[in-house]
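One structure is given below, encoded as structure tokens.
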Amino acid sequence: MVKNKLVTPFLKWVGGKRQLIPEIKRLLPRNLSSLVYYEPFIGGGALLFDLQPQRAVINDYNEELINVYRVVRDNPEELIEALKIHRNTAEYFYALRAIDRDPVFRTLTDIQRASRIIYLNKTCYNGLYRVNNEGKFNSPFGRYKNPNIVNEPVIRAVSKYLNKVNIEIRNADYEQSLNDIPRNAFVYFDPPYHPVSESANFTGYIQGGWSEEDQIRLRNSCDILNEKGVKFLLSNSSADFIKEIYSGYKIHIVKASRVVNSVSTGRGQVDEFLIRNYE
């Protein structure tokens, strides 16, 4: 299949993998085209859109994010029109950001909710999708002169791709999304990263953040996949804790540029792990 170069991420997401794609692709299974592609933490979808598999199951625990994917697939033209009404002002931004704290939020249509998330993502500071402990979006206004709020060609191209191939979009805990996985599958995990230090901790894009127990539960899921003969590749930080719990698997070190960080000193080249269970 000829890939469409316009099929690219329509959201900027924490931990997005665009710049690491060449490194990731070098480690993918040779028979990838014959496998069902699973991505339980889809985020911005950089690897999915680069590979453009014919069969896939994508998932995320973030309900608002998955709603955007479904609306892009099912209602691209209505979404484009809804995006055109937004204004790039601080007053408008904060009013729309605060709407999820109001009962009126429950009356919004799926299209209105998706439009809101894309607008906030394109206009918030540093494109940093972040929620507080109550699950409310709390990134500040970015003050960009001309943000690309309505990217019509990309929305239409992604919608066409999602409709043309066999892709199931799920909104569940990652473990639940893997319950029915067949042996002829490949799983790419891009979970919330473990902090490399106490000061590096980051309240991520899902309510509550992730703990060591969460990372161990994910490793246990990888162990189950491995026992089933399912191939997986996992991205995570180069923290000693991650190295320890995945010591039974192949760990490849890559250099990543950390470009989405609320503190400028937290950006730059860092080591990350790519962990896999196959040659």
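The values are calculated or read from the model by the stated rules, or taken from the named source; none is laboratory data. All values derive from a computational prediction rather than experimental measurement. Note: ideal-geometry Cβ built from the backbone for every residue, glycine included; neighbour counts use all protein chains shown. Keep in mind that these areas ignore ligands, DNA and RNA; they rest on the heavy atoms of the full protein, side chains included. Shrake-Rupley method; radii C 1.70, N 1.55, O 1.52, S 1.80 Å.
In Å², what does the accessible area per residue of the chain work out to with a 1.4 Å probe?
Working: 13600 Å² over 279 residues.
With the other protein chains kept in place, the chain gives 49 Å² per residue.
When the Cα centres of segment 1-27 and segment 112-189 are compared, how far apart do they sit, in Å?
So the two Cα centres are separated by 13 Å.
Which FRET efficiency, nearest 0.05, do Y278 and S211 yield, Cβ-Cβ r, R0 30 Å? Spell out each step's value before the answer.
Values: r = 28 Å, r/R0 = 0.94.
The calculated FRET efficiency here is 0.60.
Taking 0.36 nm per intervening residue step and subtracting the Cα-Cα distance, what contour gain separates V104 from V2 on full extension? Please list the in-between numbers first.
Details: separation 102, 0.36 × 102 = 36.72 nm, distance 4.40 nm.
Residue separation times 0.36 nm, minus the Cα-Cα distance, leaves 32.3 nm.
Which far-off residues, 5 or more places away or on another chain, put their amide H under 5 Å from the one on H86, with H placed in the peptide plane?
The list, which skips near neighbours in sequence, is empty: none.
Name the residues whose placed amide hydrogens come within less than 5 Å of the amide hydrogen of V57, ignoring near sequence neighbours (fewer than 5 apart) on the same chain.
It is Y37, Y38, E39, E168, by chain and number.
Enumerate the amide H contacts of H194 below 5 Å, restricted to partners 5 or more residues apart or on another chain; note that Pro and chain-start residues carry no placed amide H.
S237
Divide by every residue of the chain the summed helix terms, -39500 (n - 2.57) for each DSSP H run of at least 4, and state the resulting mean residue ellipticity at 222 nm, rounded to the nearest 500 deg cm²/dmol.
Working: 10 runs with 94 residues, N = 279.
Counting only the DSSP helices, I get -9500 deg cm²/dmol.
Of the DSSP beta bridges with both residues in the chain, give the percent that are antiparallel, rounding to the nearest 5.
Details: 16 of 31 bridges.
Among the beta bridges of the chain, antiparallel pairing accounts for roughly 50 percent.
Hey, how many Å between the Cα centroid of segment 72-86 and the Cα centroid of segment 233-247?
Each part's Cα centre sits 39 Å from the other's.
Report the paramagnetic label zone for E81: residues of segment 105-142 whose backbone N is under 13 Å from a point 7 Å from Cα along the Cα-to-Cβ axis.
111-112
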